[in-house]
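Below is a structure I'd like to ask you about.
What follows is calculated from the coordinates using simple rules that are stated; it is not laboratory data. Since the structure is predicted, the reported quantities are computational estimates derived from the model, not experimental observations. For neighbour counting, all protein chains shown are included, and Cβ atoms are generated from backbone atoms with ideal geometry for every residue, glycine included.
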Amino acid sequence: MPDQERPHIIIVGAGIAGLTAAIHIGEGADALVKSGKMAARPDITLLEADAIAGGRARTKLLSNGLAVDAGPHWFHGGESNALYQWATDNRHYSLGDISLDTAKHRVNVSSAQGMSPDQREWGLTRLFEMYSVWQSQHPGEDIALGQLARMTGSPIITKIADERANNWMAVEDADHVSAQEYWGDDAGSGGMQLADGMERLVGAMVEDAEYYQAHIHTRTGVRGIFERADKRLKIVTDKHNYDADHVIVTSSVGVLKSGGIAFDPSVQNHLAPELDGMTAAKMTKIFIPLRPEFFAERDIVPDTFLTFYDDRHSWLFHLHTDGKPTVTAFASGAMSEVMERMKPAAMQREILRVMDRIELLKDADDYLEGRIMRTNWSTDADFLCAYSAMLPGHKRRNPLVVGNLIFAGEAWVGDLKQGPTTMAGAFASGRIAAKKTLRKLVLNG
Ligand SMILES: Cc1cc2nc3c(=O)[nH]c(=O)nc-3n(C[C@H](O)[C@H](O)[C@H](O)COP(=O)(O)OP(=O)(O)OC[C@H]3O[C@@H](n4cnc5c(N)ncnc54)[C@H](O)[C@@H]3O)c2cc1C
């Protein structure tokens with residue numbers, strides 16, 4: 001139990017942002033106590049709704065025993081990724097075998113009614129040219145990708161912009177995509193990958209947080225955070241109530257938008273406009289475990305990334321060939337929820353039907369080596385999205401601070417270069433939240 005004499009910090013969520021905040025607060029507090037700038041180290045408690053830590057960073061076992069990343073798979077940017085550098089160089093975490101997946105073999109396939117790869121290439125180039133012209137006339141301003149596309153006067157380019165919104169930003173249409181974020185956030189696909197999955201990273205971070213005596217309470221969903229008469233915060237969970245001096249909330253934008261956590265009106269007034277500026281982007285991964293012959297007979301080379309542009313929806317397929325013969329299909333936007341809400345057998349039939357329409361992926365049914373598994377990020381009440389997307393003109397907060405309450409996580413990263421929406425962004429924001437909390441503790445004595 002927290003010591004009544006020491007300040008108590010509660011972190012809502014034990015994903016990458018929450019664990020990062022706990023480790024940095026623990027480490028920073030030790031240094032401050034040692035230097036005499038802080039009287040006693042604070043108590044740190046992480047309240048996690050789920051049964052395990054890691055949040056969206058989660059490894060699952062397929063029925064054939066293969067470990068797959070249900071959420072993030074890549075440290076985007078390879079060795080320059082800030083989280084990867086910190087984990088390996090600074091913390092010396094043992095992450096097992098690491099390889100680089102550059103996703104460099106790109107295959108684009110269109111349905112019969114769809115446009116040709118050449119047309120798409122042409123349209124994307126025109127769209128970027130239009131953005132360059134627009135930017136030179138409106139320096140520093142933002143515009144919706146959809147509006148930009150309509151300015152070209154080409155229905156094909158408008159359709160291409162919607163395709164990009166859907167399969168790249170995982171939202172429904174290009175009017176919800178900020179051109180600044182689309183071209184400014186260069187995470188892209190590919191990066192370092194862990195043979196054992198992100199579980200290795202999460203395991204190391206949990207151990208590190210526990211080294212700093214952070215208590216992780218799983219299966220503890222936070223339902224409300226309110227200011228008490230003495231200015232401390234009261235945290236209402238589905239098990240117990242807690243008191244804290246400082247709270248860092250790392251729940252996803254999907255959870256916050258759904259009203260899953262109640263706040264005082266004074267906090268809600270600050271939070272609502274920020275949430276109105278962001279979309280909860282939806283993405284589902286579907287894993288199709290296959291016998292190795294499937295890849296061998298088709299001459300599928302490592303790092304292949306296939307996009308199938310269907311008439312209304314585009315599918316991404318990541319073809320693992322590095323000893324993990326699995327096809328990972330990505331369903332985005334509205335299709336994500338459709339796939340998550342289907343009965344398992346119907347979902348399995350549907351994804352095999354889509355694959356049968358693509359020459360390279362045909363007849364996968366004959367090579368299946370276990371059950372097809374899907375994630376449920378879009379419909380699970382603890383997530384309700386895969387990541388955040390910024391609406392045109394909105395600036396992300398870095399992070400959002402309201403009194404002794406801080407909102408952190410992948411969505412709350414001001415600098416696009418720090419990778420909002422990714423694990424690197426969650427890490428950056430957890431670190432800033434820790435710094436701000438420590439500063440307040442020192443100032444308050
Ligand atoms: C399919 C998919 C693919 C992705 N691919 C990549 C990739 O390749 N590379 C990359 O860098 N990023 C990728 N991402 C994004 C990455 O997963 C996220 O940016 C990052 O993991 C977010 O971390 P976080 O700590 O901000 O949030 P989360 O991981 O969501 O952590 C928040 C935690 O809070 C908990 N929580 C929520 N509400 C409550 C509550 N009321 N009470 C208590 N606990 C609560 C949740 O259970 C969760 O554990 C992907 C995401 C998805 C879904």
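Using the Cα atoms of the stretch 112-184 to build a convex hull, what is its mean projected area in square nanometres?
Numbers: hull surface 18.8 nm².
One quarter of the hull surface, i.e. the mean projection, equals 4.7 nm².
Now for a different question. Averaged over all directions, how much area does the convex hull of the C-alpha atoms of the stretch 1-82 cover when projected, in nm²?
8.1 nm²
Starting from the amide H of Val402, placed 1.01 Å from N in the peptide plane, find each other amide H under 5 Å away whose residue is 5 or more places distant or on another chain.
Answer set, sorted by chain and number: Phe407.
Report, in deg cm²/dmol and to the nearest 500, the calculated mean residue ellipticity at 222 nm for the chain, where each DSSP H run with n ≥ 4 adds -39500 (n - 2.57) and the sum is divided by the residue count.
Details: 13 runs with 149 residues, N = 445.
Result for the chain, helices only: -10500 deg cm²/dmol.
In the chain, with Lys and Arg counted as +1 and Asp and Glu as -1 at Cβ, which of these residues, Leu400, Ala204, Ile286, has the Cα nearest the positive end of the dipole, that is, farthest along it?
Farthest towards the positive end: Leu400.
Right, something else. Which residue fluctuates the most in the chain, going by a Gaussian network model with Cα springs under 10 Å, if the choices are Asp380, Asp230, Asp363?
Among Asp380, Asp230, Asp363, the largest GNM mean-square fluctuation belongs to Asp230.
Okay, next question. Once the piece of chain linking Asp89 and Ala346 is laid out straight, how much longer is it, given 0.36 nm per residue of separation minus the C-alpha distance between them? Write down the numbers at each step before the final one.
Details: separation 257, 0.36 × 257 = 92.52 nm, distance 4.57 nm.
So the extension gain works out to 87.9 nm.
Only counting other Cβ atoms within 10 Å, I'd like Thr326, Thr20 sorted with the fewest neighbours first. Intermediate values should be presented prior to the final figure.
On the way: Thr326 21, Thr20 29.
If I rank by nearby Cβ atoms, fewest first, I get Thr326, Thr20.
Tell me which GluC sites (Glu not before Pro) from the stretch 72-176 have a DSSP coil assignment and no more than 16 other beta carbons within 10 Å of their own. Spell out each step's value before the answer.
On the way: sites: Glu79, Glu121, Glu129, Glu141, Glu163, Glu172; in loops: Glu141, Glu172.
In loop regions of the stretch 72-176 (DSSP not H, G, I, E or B), the sparsely surrounded GluC sites (Glu not before Pro) are Glu141.
For helix 265-276, report the angle its Cα long axis makes with the longest principal axis of the Cα atoms of the chain; keep it between 0 and 90° and round to the nearest 10°.
The helix 265-276 is inclined about 20 degrees to the chain.
With 20 Å bins from zero, work out the P(r) of the chain over every alpha carbon pair and list the percent per bin.
25, 55, 20, 1
Once you have all Cα-Cα distances for the stretch 307-379, histogram them in 5 Å bins from zero and send the whole-percent values.
Histogram of Cα-Cα distances, whole percents per bin: 3, 14, 27, 28, 19, 8, 1.
Right, something else. Cross-link partners among lysines for Lys34, C-alpha distance below 20 Å, same-chain residues fewer than 8 apart left out?
Lys435, Lys436, Lys440
Still on this model: Among the lysines, select those whose C-alpha is under 16 Å from the C-alpha of Lys395, and discard any that sit fewer than 8 residues away in the same chain.
Result set, ordered by chain and number: Lys417.
Rank the residues Phe263, Phe226 as a footprinting-exposure proxy: fewest other Cβ atoms within 10 Å of their Cβ go first.
Phe226, Phe263
Continuing with the same structure: Below 8 Å, C-alpha to C-alpha, sequence gap of six or more: please give me the relative contact order for the chain in percent.
Relative contact order of the chain: 24 percent.
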